[in-house]
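Heads up: the structure comes next, in structure tokens.
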Amino acid sequence: MQKQADVTYLNNVVMVSGDLNFQNVMSLQRACLEQIKHRPEWVFDFSQVNSSDSSGLAWVIEWIKLAKQDNKKISFKGLSNGLMEIAKAARLDTIIQPFVVG
């Protein structure tokens with residue numbers, strides 16, 4: 001059974017919820033990109049994410065890459081300790097940390 005994840009938009013913030021996994025992050029990516037590509041700042045709130053495998057980390061890294069390419073300001077709120085532990089194990093925490101707020 002595929003675990004569900006979703007994105008909603010609240011006052012220019014992309015609210016990510018549910019369970020992030022290899023089966024759903026690419027569809028979330030496509031859905032988000034159309035909604036936010038013209039916004040000057042990208043803010044993602046992960047506080048409603050229940051679980052994430054390493055695909056959630058890959059998704060965060062991809063957003064950072066796209067923001068740099070498009071010269072956008074980006075930030076992430078509510079990244080879980082688990083996701084940050086995966087980042088640390090992969091030695092990617094120093095790449096993500098400058099974009100984490102709150």
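Just so you know, all these numbers are worked out from the coordinates, no wet-lab data involved. All of these numbers come straight from a predicted model, not from anything done at the bench.
When the helix-only estimate is applied to the chain (DSSP H runs of n ≥ 4, each -39,500 (n - 2.57), divided by the residue count), what is the mean residue ellipticity at 222 nm, nearest 500 deg cm²/dmol?
Working: 4 runs with 41 residues, N = 102.
When only DSSP H runs of four or more count, the value is -12000 deg cm²/dmol.
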Fraction of the pair-distance distribution of the chain above 25 Å, Cα-Cα pairs, percent
11 percent
Taking the DSSP beta bridges in the chain as the whole, what percent of them are antiparallel, to the nearest 5?
30 percent
